[in-house]
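Written below as structure tokens is the structure these notes are about.
The values are calculated or read from the model by the stated rules, or taken from the named source; none is laboratory data. This structure is a prediction, so every number in the text was calculated from the model and none was measured. Cβ sites come from the backbone with ideal geometry, for glycine too, and all protein chains shown count toward neighbours. Quick note on the areas: whole protein, heavy atoms, side chains included, nothing else; ligands and nucleic acids left out. Shrake-Rupley method; radii C 1.70, N 1.55, O 1.52, S 1.80 Å.
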Amino acid sequence: MNRKYRKTIIAGNWKMNMLASEIKPFVEQLKENLPKTKTCEIVLCTPAVMIPAMVKYGKECKIAAGGEDVSKFEKGAYTGEISAAQLADVGAKYCIVGHSERREYHGESDMLVNEKAKALLAKGISPIICVGESLAQREMDLTMEYVAYQVKTALSGIDATQLRRCVIAYEPIWAIGTGKTATAEQAQEVCEGIRAVIRKIYGARPARAVSILYGGSMNAKNAEELLAQPDIDGGLIGGASLKPVDFSVIVKATDQD
Ligand code: PGA
């Protein structure tokens, strides 16, 4: 982390778990365990139908509500889709795009991720852009090339002002939901590489200001070491974000100087 130049963000990704009716007790338990002084922005990304409840009950602990996906289209005949304007209207401040599960199960391409990020920015929502290599790519030593390509494509056509609202999440696919975390060194190396890619496109100042998160089996035990890395500005947390006590421990792990 480097709190001097950029925001530290701990974001939960609930995926297709939990119910809207469980949000109130979740937030109450989280609140009991959260530190009094806030050292990071807390975000909880949930299925869109749960965002209004998150906005309502999350207010007290200053939790920002987020979506997990968005349509690239502004509006129209796209049955089942949810637009950026609709997310903004119910109070979403963030939205994940390009999660590896969307890429894998819904065939989402890097070009589509770029369109979705732009759709969110147009409505004032911060995209959390997920990138990350597969195990095969890591073993072939293609990690940085592949991730650099993903970042460049996702940010195509996004100007420096809009970049300030963007968050990048480095999530090696082999670490998601597997309990196999990247080592702090591996995660730092790629996050540093991502910042270098952004520096090449936008220059030093904008690159220094972008929050880059690590995601992939981050938990109450390994968060502190990962967050101690200079280019890791927070986490995108799946499994551990469903447990309020564990999630609060990760939030507390941002309090290090
Ligand atoms: P995990 O998920 O923390 O359960 O590995 C992370 C993610 O998918 O964003």
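Annotation for region 93-113: no member residue is more than 15 Å from I237 (Cα to Cα), of a type in the set (K, R), surrounded by fewer than 17 Cβ atoms within 10 Å (Cβ to Cβ) and away from the ligand (no atom under 16 Å from the Cβ).
For region 172-186, the count of residues that are within 17 Å of the chain's Cα centre (by Cα), in contact (Cβ under 8 Å) with a residue 40 or more places away in the chain and away from the ligand (no atom under 11 Å from the Cβ) is zero. Taking the condition of a type outside the set (D, E, K, R) and closer than 24 Å to K118 by Cα, does A53 pass? Here the answer is no, as A53 does not meet what is asked.
Being open to solvent by 80 Å² or more (accessible area, probe 1.4 Å) and farther than 20 Å from I168 by Cβ, is that true of even one residue in region 1-15? No, because not a single residue in region 1-15 is open to solvent by 80 Å² or more (accessible area, probe 1.4 Å) and farther than 20 Å from I168 by Cβ.
When the residues of region 193-203 are filtered to those that are in a helix (DSSP H, G or I) and not basic (K, R), which remaining residue is nearest to the ligand (Cβ to nearest atom)? Even if it seems obvious, please write down each step before you answer.
Residues of region 193-203 in a helix (DSSP H, G or I): 193-202.
Adding the requirement that they be not basic (K, R) leaves 193-194, 196-198, 201-202.
Numbers: G193: 19, I194: 16, A196: 23, V197: 21, I198: 21, I201: 25, Y202: 25 Å.
If we take residues in region 193-203 being in a helix (DSSP H, G or I) and not basic (K, R), then I194 is nearest to the ligand (Cβ to nearest atom).
For the structure I just gave you, tell me whether L34 is farther than 24 Å from V97 by Cα and either in contact with a Pro (Cβ under 6 Å, 6 or more places away or on another chain) or hydroxyl-bearing (S, T, Y) (or both). No, not satisfied.
With respect to the conditions (1) under 16 Å from V43 (Cβ atoms); (2) within 16 Å of the ligand (Cβ to nearest atom), Q150 lacks only one, and its number is (1). I'd like the residue in region 204-257 that is basic (K, R) and within 14 Å of the ligand (Cβ to nearest atom) and, out of all such residues, is least open to solvent (accessible area, probe 1.4 Å). Out of the qualifying residues, it is K243. Among the criteria (1) β-branched (V, I, T); (2) within 16 Å of the ligand (Cβ to nearest atom); (3) free of Cβ contacts under 8 Å to residues at least 40 places away in the same chain, the one I23 does not fulfil is (2).
Return yes or no: is K75 open to solvent by 60 Å² or more (accessible area, probe 1.4 Å) and in contact (Cβ under 8 Å) with a residue 12 or more places away in the chain? For K75, the condition - open to solvent by 60 Å² or more (accessible area, probe 1.4 Å) and in contact (Cβ under 8 Å) with a residue 12 or more places away in the chain - is not met.
Here are some residues: V113, V167. Which one is under 17 Å from the mean Cα position of the chain (by Cα) and free of Cβ contacts under 8 Å to residues at least 60 places away in the same chain?
On the way: V167 fails: free of Cβ contacts under 8 Å to residues at least 60 places away in the same chain.
Only one candidate passes the filter, namely V113.
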